[in-house]
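Participant: Here it is, the structure, as structure tokens.
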Amino acid sequence: MSFDNDLELRKVAAVNPEAQLLLRVVCEDSTAQCPMSLKFGAKSSMWNELLGMVQELKLNLAGVSFHVGSGCKDPESFEQALLDAKEVFRLAKERGMQEMRVLDIGGGYPGDTAGFEKIAPGIAEKLGRLFPRSEYPELRLIAEPGRFFAAHSAHLLTSLGCAASERKVYAKAKLPATDENAESGSEVCRYYLNDGLYGSFNCIIYDHVSVEPEPLRSHEGPEVPCALFGPTCDGFDVVLEKHTMPELEEGEWILWRNMGAYTSAAPW
Ligand SMILES: Cc1ncc(COP(=O)(O)O)c(C=O)c1O
């Protein structure tokens, strides 16, 4: 169980004093897709005091955890986090605490295999260099990958003019283009989908992703400008404001790949 403040420690002491605790250290994660350091993690100035409190409350410190931010873009974040973990291990030893047994390197790994393959060797190298087996023979390494497992576990299908849905969405409209760069007389197709920012596409706002529609049926025709909207009446419910793809008919399906992470699970 991880903790990063004194109130949590007191709560653990009251309800589960046998818990194996991990001190969660804060990470520099400002370049991550979804930073977490504003909410979680103890700063270095707090570590010694928290370790002292663990001893005072006769709790059980097993090791250190961190999370470099979801969708980590900078593998160097792991370097600093591992150095910080090493420093907590040193402080604990200096205080005569029992040997640290667990290092939890959190999540943050990319959702695509290519991205993971790019980042993983660097992390392995840092672990081998900073926590060599010879120095930490009993250390158990754990991780908490979320996006890596979930992202490609699901694709999303949306429909235009969803007869199966109770929501009476307006399926398609063709309006004159208002874009100043548009050719005169050109038109934009507006597609109204049965999912939007209030549903799975909340990932556009909260997970800061760009989504890519693929018509499920193959099309021969030319690509035309279009906009894709969610089913609500809110003008903010825009999935893609400017896009080009073959013209779709009402009732067609659109495929959105790799929508397994931070999508339908997020709206409450
Ligand atoms: C404590 C913790 N561990 C792991 C994860 C998974 O992170 P990711 O999806 O970036 O791998 C999260 C995500 O919120 C988390 O809060």
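Participant: Which of the residues that make up region 128-156 are assigned to a helix (DSSP H, G or I) and either within 11 Å of the ligand (Cβ to nearest atom) or within 15 Å of Cys72 (Cβ to Cβ) (or both)?
Facilitator: Once the filter is applied, which keeps residues that are assigned to a helix (DSSP H, G or I) and either within 11 Å of the ligand (Cβ to nearest atom) or within 15 Å of Cys72 (Cβ to Cβ) (or both), region 128-156 yields Arg147, Phe148, Phe149, Ala150, Ala151.
Participant: Could you run through region 10-30 and say how many residues are within 14 Å of the ligand (Cβ to nearest atom) and either among the charged types (D, E, K, R) or open to solvent by 80 Å² or more (accessible area, probe 1.4 Å) (or both)?
Facilitator: 2
Participant: Go through Ile105, Ile123 for me and flag whichever is assigned by TED's automatic domain parsing to the domain that holds Asp29, away from the ligand (no atom under 11 Å from the Cβ), surrounded by 17 or more Cβ atoms within 10 Å (Cβ to Cβ) and in contact (Cβ under 8 Å) with a residue 24 or more places away in the chain.
Facilitator: Ile123
Participant: Could you pull out the residue among Glu223, Glu183 that is at pLDDT 75 or above and either among the acidic types (Asp, Glu) or outside the structural domain of Ser65 (by TED's automatic domain parsing) (or both)?
Facilitator: Glu223
The values are calculated or read from the model by the stated rules, or taken from the named source; none is laboratory data. Please read these numbers as outputs of a predicted model, since none were measured by experiment. Glycine also receives a Cβ, built like all others from the backbone with ideal geometry; neighbour counts cover every protein chain displayed. Quick note on the areas: whole protein, heavy atoms, side chains included, nothing else; ligands and nucleic acids left out. Shrake-Rupley method; radii C 1.70, N 1.55, O 1.52, S 1.80 Å.
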